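Beneath this line is the structure, given in structure tokens, with notes to follow.
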Amino acid sequence: MKTNEKSPQKLAISAHSETENLQSSENLDNFAKILYINPMSDFGFKKIFGVEKIMIGFLNDLIQPESPIEKITFLDKEKLPDSKSQRGVVYDLLCRTEDDREFLVEMQNAPQEKFSDRVIYYLSRSIAPQGQKGKVDGHDWDYELRAIYGVFLLNFHLNDHERLKLRTLRLTVKENNHKVFSDKLNAYIIELPCIKGMKEEDCKTKLDCWMYNLYNMETTTKPLAFQDVMPVFKEVASQAEFNSMSPEEQRRYMYALDEYRSNKAAWDYSIKRSIQKGLQEGMQKGMQEGIQKGKLEERYKNARALKAIDVPVEKIAKALGLSVEEIEML
């Protein structure tokens, strides 16, 4: 059966053509009518959260530490492998606070089958290099570690899990009422689509406000919400405003948006095809089961007729391929 659906490749080409068209003077003017850039694109995410003031505000609102973070240093995002057989890691953003806590902050746009393993791997790659060999300040290393925080902003819902705005993961002891065993490995997983359909007045926490703005930023037609109660969003709005970017930044953003849209189109297509395939397989299975059930009902009908004229049950069973027990129950 023919379909009008486009393949992932055609969808990607279409998204790329759309971006090229945006770069003409006429269409660029139309594109510039958009207030804010998409924070889920690679360029948009790093442009916004690569600003110290914004990252500090976000981490304080998310973690809510006893002593607020006042200064951070952005680090090299690449973690090189320890050997040729291992793979390295390139984080979206990596920073360290004055008290040596380390934060890796990631935007994830597509689900992964082994996402939970990825979280553990990323945290482990940040904590393992802390091991010290030999003497440190005249003493052997005593295994003291810096705390590592992984912050994962997801543009999807986790599969096989309850939908939650925020998951906080730490090492706990099950036998002791889940008392924290160590506070050195931490993960915060935020599902942005949980905010879908919410209005500004529905946002009750600072995290709600962050999620609301990030999820709706590209499509909003009015100034960024909550600037009056959370001044950090004034900085976010300034960084995210498309018209305030230089022509070079606008071009870079459009290419990043092209990649984001292409990947999303391919992912959405694969999901749609999987659903369709599942429905088709389900229909085929249902038809086959219906046919088999129909055949069974026909045999039961014949068995009842033979039983009514006193044909021995054993002969009926042998003739119709039924069990003696099935026929006796008719």
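Okay, here's what the table says:
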{"item": "Area of T219 that stays accessible when all protein chains are in place (1.4 Å probe, Å², to 10)", "result": "100"}
{"item": "Proximal charge balance of I195 [Cβ under 14 Å; K/R count +1, D/E count -1]", "result": "0"}
{"item": "In sequence order, calculated HN-Hα J values of segment 39-47 (Karplus, 6.51, -1.76, 1.60; Hz; x Gly/Pro)", "result": "x, 8, 6, 4, 5, x, 5, 6, 5"}
{"item": "Flagged links, alpha-carbon separation over 18 Å, of K53/K184; K133/K184; K47/K234", "result": "K53/K184; K133/K184"}
{"item": "3J(HN,Hα) from dihedral phi, segment 58-73, Karplus parametrisation 6.51/-1.76/1.60, rounded to Hz, x for glycine, proline", "result": "5, 5, 5, 5, 7, 7, 6, x, 4, 10, x, 5, 10, 8, 9, 10"}
{"item": "Amide H partners (placed H, <5 Å) of L166, local residues excluded", "result": "E191"}
{"item": "With all protein chains modelled, accessible area of C203 [1.4 Å, Å²]", "result": "20"}
{"item": "Whole-Hz ³J(HN,Hα) from phi, Karplus 6.51 cos²θ - 1.76 cosθ + 1.60, for segment 166-178, glycine and proline x", "result": "9, 10, 10, 10, 9, 7, 10, 10, 4, 6, 10, 6, 6"}
{"item": "Compactness of segment 135-264, expressed as Rg and Dmax over alpha-carbon positions, Å", "result": "20.1, 61"}
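The values are calculated or read from the model by the stated rules, or taken from the named source; none is laboratory data. Keep in mind that this is a model prediction, so the values were computed, not measured. All Cβ positions, even for glycine, are placed from backbone atoms using ideal geometry, and neighbour counts span all protein chains on display. Please note that ligands, DNA and RNA were not included when accessible areas were found on the heavy atoms of the full protein model with its side chains. Shrake-Rupley method; radii C 1.70, N 1.55, O 1.52, S 1.80 Å.
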